[in-house]
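Values quoted throughout were computed directly from the atomic coordinates according to the rules given, and no laboratory measurement underlies them. Predicted, not measured: the structure shown is a model, and the values here were computed from it. Counting neighbours? That spans all protein chains shown, and the Cβs are built from the backbone with ideal geometry, glycine included.
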Amino acid sequence: MSAEGIAADGGTAVDAALAFAESSPETTRSRTLVWQDPVPTAAAGATMTGMEYMEAIVAGEMPPPPIAVTMRMRPIELGEGRAVFEGEPGEEHYNPIGVVHGGYAATLLDSALGCAVHTTLPAGVGYTSLGLEAKYVRPITRDTGRVLCEANVLYRGRRQATVEANLTAADSGKLLAHGMATCMILSD
């Protein structure tokens, strides 16, 4: 079956890419992902304070979540109510118009925003995003290089927290995107 036939027949993007790999090997790229089962890691993390859990990930004592592997991002700095992530956007994150998909920036923002809140939580208390607002300022391409996303908690109450973040190009410091989130605090 041709690549065109797979796409027209409702196959997955993976099916289409594999078909195009056969017909266009000169433009084909691949990437192998390795990750650990996230459920035992999350269970172990639930026994720690949010700061302890995040520090264990930064120190390499706990495996990164699979999303971090897929998106090539990781936390690099932490403080009470603060998290800084770095990312390496690549062409595997491109959308159909030839730039990094906005979801890459939104994922970095959401991750740093949530983890900033996580650093404020005691053991056994979790959070979930109630809302995320992302504003895109500049396009991101594979040539942008390393990006940094710094998030800071603005308000942390008993039931919710508000947090903001900036996503910048590491080399130039130029703002690429910024965002805010509200997180619900989940306690027993």
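Using all C-alpha to C-alpha distances in region 1-122, build P(r) with 5 Å bins and read off the rounded percent in each one. Once binned at 5 Å, the Cα pair distances of region 1-122 give 2, 10, 16, 18, 16, 11, 9, 8, 6, 4, 1, 0.
Relative protection proxy for 84-94, 37-47, 70-80, from highest mean packing down: 84-94, 70-80, 37-47 (other beta-carbon atoms within 10 angstrom).
I need the Debye-formula profile for region 32-186: one equal scatterer per C-alpha, no solvent, reported as log10 I(q)/I(0) at q = 0.20 1/Å, two decimals. For region 32-186, the Cα-only Debye profile gives -1.26. When the Gaussian network model of the chain links Cα atoms closer than 10 Å, the mean-square fluctuations of Leu113, Leu175, Leu33 top out at Leu33.
Remark: relative contact order (the chain) = 19 percent; criterion is Cα-Cα distance under 8 angstrom and separation of 6 or more residues.
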